[in-house]
């Protein structure tokens, strides 16, 4: 695949961002390779109803 | 290869925490990871010494990314060498997040989150 890029003027007035969280990236500039990945785990059994027990010991 | 210049007149960031970063200037390689164990409890008490990541399989389950199939033939010509942002305002950056003004060659960032909600009977 041949990518022919001609960069002309790019000028942004204002960028307002509320939050940049958990391994995310705000980039003002050029980049060759960006790989962002995330996984999220909230299965039904993570919704616990009952006595509020502490989780396992730290470590 | 001639690289462009990122020009930002004003930055307004209120909070950068939990190993986040404001990078002003070019960088070559960024590798970021964040592991989050989030517990929401109906009643507010905090034991301080609880929770270990290896209890939950998500943290050692690899995330498969699409392979980068090189080569990509690229012809790039920067007629105007400036990327200009007048004003950049960010309220918060947390959890290995990066606000980056400048060029970067390679970035790999991964985040894994385990959410637990505990409701009293």
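The values are calculated or read from the model by the stated rules, or taken from the named source; none is laboratory data. The structure displayed is predicted, hence computed values, not measured ones. Note that we place each Cβ from the backbone using ideal geometry, even for glycine, and neighbour counts take in every protein chain shown.
If you scan the stretch A:1-18, which residues turn out to be surrounded by 12 or more Cβ atoms within 10 Å (Cβ to Cβ) and either at pLDDT 95 or above or more than 7 Å from chain B (Cβ to nearest Cβ) (or both)?
A:12, A:15, A:17
Kindly check whether there is at least one residue in the stretch B:84-91 that is more than 7 Å from chain A (Cβ to nearest Cβ), in a strand (DSSP E or B) and crowded, with 17+ Cβ neighbours inside 10 Å.
No.
Determine which member of the set A:57, A:44 is farther than 19 Å from residue B:102 by Cβ and either modelled with pLDDT of 95 or more or surrounded by fewer than 10 Cβ atoms within 10 Å (Cβ to Cβ) (or both).
Numbers: A:57 fails: either modelled with pLDDT of 95 or more or surrounded by fewer than 10 Cβ atoms within 10 Å (Cβ to Cβ) (or both).
When all the criteria are applied, what remains is A:44.
Please tell me if residue A:38 is facing chain B (nearest Cβ under 7 Å), surrounded by 15 or more Cβ atoms within 10 Å (Cβ to Cβ), part of a strand (DSSP E or B) and within 16 Å of the chain's Cα centre (by Cα).
Spelling it out, residue A:38 is indeed facing chain B (nearest Cβ under 7 Å), surrounded by 15 or more Cβ atoms within 10 Å (Cβ to Cβ), part of a strand (DSSP E or B) and within 16 Å of the chain's Cα centre (by Cα).
Find the residue count for the stretch B:58-83, including only residues that are within 22 Å of the chain's Cα centre (by Cα) and either loosely packed, with under 14 Cβ neighbours inside 10 Å or within 24 Å of residue A:22 (Cβ to Cβ) (or both).
Count: 11.
Does the stretch B:8-30 hold any residues that are surrounded by 16 or more Cβ atoms within 10 Å (Cβ to Cβ) and farther than 23 Å from residue B:111 by Cα, and which are they?
B:8, B:11, B:26
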